[in-house]
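*Asks:* Mind having a look at this structure? Questions to follow.
The values are calculated or read from the model by the stated rules, or taken from the named source; none is laboratory data. All of these numbers come straight from a predicted model, not from anything done at the bench. Every residue, glycine among them, receives a Cβ derived from its backbone with ideal geometry; neighbour counts consider all protein chains shown. Accessible surface areas use protein heavy atoms only, side chains included; no ligands, DNA or RNA. Shrake-Rupley method; radii C 1.70, N 1.55, O 1.52, S 1.80 Å.
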Amino acid sequence: MNHPHTDTGPRSTAELAPEPAVRVQDLTKEYPGGIQALDKVTFDMPKGELTSIIGPSGCGKTTTLKIIAGLIEPSAGEVMVYGKAVRGPGPERAFVFQEFALLPWATVLRNVAFGLELRGVGKKEREDMAREYIVKMNLAGFEDAYPHQLSGGMRQRVGLARAMAVDADILLMDEPFASVDEQIRRKFQEDLLHLLSVEKKSVVFVTHSIEEAVYVSDQIVILTRGPAHVSKVVRPGIDRSGDSQEIRRSPGYLDSVENIWDELREYLEE
Amino acid sequence: MSARPRLLSWTLRIASIVFVFALWEWAGRIPVSIAFPTFTAAMSAFREMILDGTFASAYAETIGPLLVGVLLTALGGMLAGLVMGLSPKAEWLGLPLFIVLQASPSAAIIPLITFIYGIGFAAKVFAVVLLSAPVIVLNSYRGIHNTPRSLLEMSEAFLANRRQRIWKIVLPAASGLIFAGLRLGIAQGFTGAVLAELIITPTGVGDLITFYRSGADYDYMFASIFSIVLFASVSLSLLQKLEQRIFRPEMRPT
Ligand SMILES: Nc1ncnc2c1ncn2[C@@H]1O[C@H](COP(=O)(O)OP(=O)(O)OP(=O)(O)O)[C@@H](O)[C@H]1O
Ligand SMILES: [Mg+2]
């Protein structure tokens, strides 16, 4: 599908930029049973950046992310990853699930190494790699624990570590910090930013929190109430060189939060 | 489980066993029926039969068909359950058959076996299969059919191939129900073997019961029945250990 680009959306500005990591084009999804989740969702996700998707609950954020992952087929439209149309899951993409999706019968170590195990990496090698991310995710000491022995936040970090361990270029994260309290959440946000500055990955990040989106994102895609289409794409342009408290008090940060609130409020009141 | 609840659960278990035996002893002393021996009488008969090798030779005859039958059904049943759980067509074809089979009074069919399989080893094996197959197949099917979607999706996202999906996701997820089916299936198969011995071929443990009943040696008859219960519970708990070892280490009490 190669329509001439006549609209003036975010896409036309991205035309000038280098090829995006992911291009989402006119995605439409109707679930069996007639629920329409997406209506021509279009946005680009530039390489090496963090793109957040934000929108009302049930609007189709998970659906969008799973289509990018190749786990769900769209009814219409397509997803290009590095210029190639997505036909299914691929090694360059890794997913962090909203409901964790850990193996209850496997230890933290095996869960973190599971992506590598499926790829046929030898036991010693994959466990060494897994241990590295277990430490980075502050899970050291829990290698031999089972998921039912962990808190929600810890399980989420196991899911994060599993996705990091396969070393995919593109991380698809579905509300990765939803089940942790505000304090830990802020620490995770710092950790994530730090990790991204070191590891150079492109990230799509679904969140409910406007503050979180503004704080961590290069770009924020705001979806409307379902069936979702893109309401607006915002680039907060926050200078992250300073101290986190300062950033959260800076006018740029506060303005962005306020703008997105205004954008979303429209869909909440009705 | 920590030490205290574990101690408690053991105490409860032993207490309930002692209670049942005491009840047995009391009922035997009344006596509720002249055919009902006391616990102590049955136990001394039990001891005697172990020592003189009666049990050994009887079980040697029963265990063969039981093992062959249960192994056949376990492999075939798990395979059938797997195929039915993974393919809608096989599900449509096979599921009603096993549901009907499970609901039908299979014991009534056992005498008919002789027409096809005679009264030998094969007849016993068939009786075992007949009784144990439905529950093993249906449980495997249910377990496999109900594999959490989220785990299947996760394995897909991390590029599992078909074999990995079955061995690393579907089977461990279904193992609880599969092994529950195996436990019930073995119990059923045991019933099948003993029924076959009672009804068609007077051999093995079933024959012990018939033999002692006809001689009105009720101590020995009850000792034989007791040995069946004991044998069944020991093999079932061994099976549970095996399951935890292979598939579900997180359920192992530490
Ligand atoms: N497998 C499915 N079958 C049918 N409908 C579905 C399915 N999955 C999602 N939906 C519907 O599609 C819509 C979008 O769901 P989705 O999970 O993408 O929303 P979301 O934005 O991620 O929500 P949340 O913020 O609560 O996580 C919802 O109305 C939901 O009911
Ligand atoms: Mg969601």
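*Asks:* Segment B:113-158 to segment A:160-190: how many Å between their Cα centroids?
*Replies:* Each part's Cα centre sits 42 Å from the other's.
*Asks:* Quick one: net charge of A:Arg186's neighbours, Cβ under 15 Å, K/R +1, D/E -1?
*Replies:* -2
*Asks:* In terms of solvent-accessible area of protein heavy atoms at a 1.4 angstrom probe, what is the ranking of B:Met251, A:Met164, highest value first? Please report the intermediate quantities before stating the final value.
*Replies:* Working: B:Met251 105, A:Met164 0 Å².
Heavy-atom accessible area, descending, gives B:Met251, A:Met164.
*Asks:* Name the residues whose placed amide hydrogens come within less than 5 Å of the amide hydrogen of A:Asp39, ignoring near sequence neighbours (fewer than 5 apart) on the same chain.
*Replies:* Hits under the 5 Å cutoff: A:Lys29, A:Ala228, A:His229.
*Asks:* Using only helices, what value at 222 nm comes out for the protein assembly as shown when you add -39,500 (n - 2.57) per DSSP H run of length 4 or more and divide by the total residues, to the nearest 500 deg cm²/dmol?
*Replies:* Per the formula, -19500 deg cm²/dmol.
*Asks:* If you don't mind, there's one more thing I want to ask. Which percent, nearest 5, of DSSP beta bridges in chain A are antiparallel?
*Replies:* Approximately 50 percent, going by the DSSP bridge assignments.
*Asks:* Do you know which residues of segment A:110-129 lose at least 30 square angstrom of accessible area in the protein assembly compared with their chain on its own, with a 1.4 angstrom probe?
*Replies:* A:Phe114, A:Glu117, A:Leu118, A:Arg119
*Asks:* Oh, and also: Can you give the % of DSSP beta bridges in the protein assembly as shown that are antiparallel, to the nearest 5?
*Replies:* Here the share of antiparallel DSSP bridges comes out near 50 percent.
*Asks:* Just need the relative contact order of chain A here, percent rounded to a whole number, with Cα pairs under 8 Å and 6+ apart.
*Replies:* So the answer I get is 24 percent.
*Asks:* Give me the percent of the accessible area of segment B:118-158 that comes from carbon and sulfur atoms, probe 1.4 Å, all protein chains in place.
*Replies:* That fraction is 64 percent.
*Asks:* Okay, next question. Could you state the angle between the C-alpha long axis of helix B:121-145 and the longest principal axis of the C-alpha atoms of chain B, as a value from 0 to 90 degrees rounded to the nearest 10?
*Replies:* 40
*Asks:* For the pairs A:Lys29/A:Lys84; A:Lys84/A:Lys200; A:Lys66/A:Lys201; A:Lys136/A:Lys200; A:Lys61/A:Lys123, flag any whose C-alpha to C-alpha distance is greater than 27 Å. Could the numbers behind the result be given before it?
*Replies:* On the way: A:Lys29/A:Lys84 20 Å; A:Lys84/A:Lys200 21 Å; A:Lys66/A:Lys201 18 Å; A:Lys136/A:Lys200 16 Å; A:Lys61/A:Lys123 35 Å.
Distance filter (> 27 Å) returns A:Lys61/A:Lys123.
*Asks:* I've got another one for you. Provide the per-residue ³J(HN,Hα) series for segment B:32-38, in order, calculated from phi with Karplus coefficients 6.51, -1.76, 1.60 and θ = phi - 60°, each as a whole number of Hz, with x at glycine and proline positions.
*Replies:* Taking θ as phi minus 60°, the curve returns 5, 7, 5, 8, 10, x, 6 Hz for segment B:32-38.
*Asks:* On C-alpha positions alone, give me the angle between the axis of helix B:3-29 and the longest principal axis of chain B, in degrees, nearest 10.
*Replies:* 40
*Asks:* Something else about it: About the Cα centre of chain A, what is the dipole size in debye to 20, counting +1 per Lys and Arg Cβ and -1 per Asp and Glu Cβ, all else neutral?
*Replies:* The calculation lands at about 760 debye.
*Asks:* Same structure again: Would you be so kind as to list the residues of segment B:212-254 that have their accessible area lowered by at least 50 Å² in the full protein complex compared with their chain by itself (1.4 Å probe)?
*Replies:* SASA drop of 50 Å² or more in segment B:212-254: B:Glu250.
*Asks:* Turning to a different aspect of this structure: Once amide H atoms are built 1.01 Å from N in the peptide plane, which residues 5 or more positions from A:Lys232, or in another chain, come under 5 Å H to H?
*Replies:* Answer set, sorted by chain and number: A:Ile222.
*Asks:* Using amide H atoms built 1.01 Å from N in the peptide plane, name the residues 5+ places from A:Ile53, or on other chains, whose amide H lies under 5 Å from its own.
*Replies:* Here the answer is A:Phe205, A:Val206, A:Thr207, A:Val221, since their amide H atoms fall under 5 Å of that of A:Ile53.
*Asks:* Additional query: Could you sort A:Trp105, B:Trp167, B:Trp10, B:Trp24 by accessible area so the largest value comes first, with the probe set to 1.4 Å?
*Replies:* So the residues, ranked largest to smallest area, are B:Trp167, B:Trp10, B:Trp24, A:Trp105.
*Asks:* So, one more: Across segment B:212-229, in residue order, what do the Karplus-derived ³J(HN,Hα) couplings come to in whole Hz, using 6.51 cos²θ - 1.76 cosθ + 1.60 with θ = phi - 60° and x for Gly and Pro?
*Replies:* The phi angles translate into 6, 5, 5, x, 6, 8, 5, 4, 6, 4, 5, 4, 5, 4, 4, 5, 5, 4 Hz.
*Asks:* Which residues, if any, in segment B:144-163 have at least 30 Å² less accessible area in the whole protein complex than in the isolated chain, probe 1.4 Å?
*Replies:* Relative to the lone chain, where solvent access is computed with a 1.4 Å probe, segment B:144-163 loses at least 30 Å² at B:Ser150, B:Leu151, B:Glu153, B:Met154, B:Glu156, B:Ala157, B:Phe158, B:Leu159.
*Asks:* Something else: Tell me the per residue accessible area of segment B:81-182 using a 1.4 Å probe; a whole number in Å² is fine.
*Replies:* Accessible area per residue, segment B:81-182: 48 Å².
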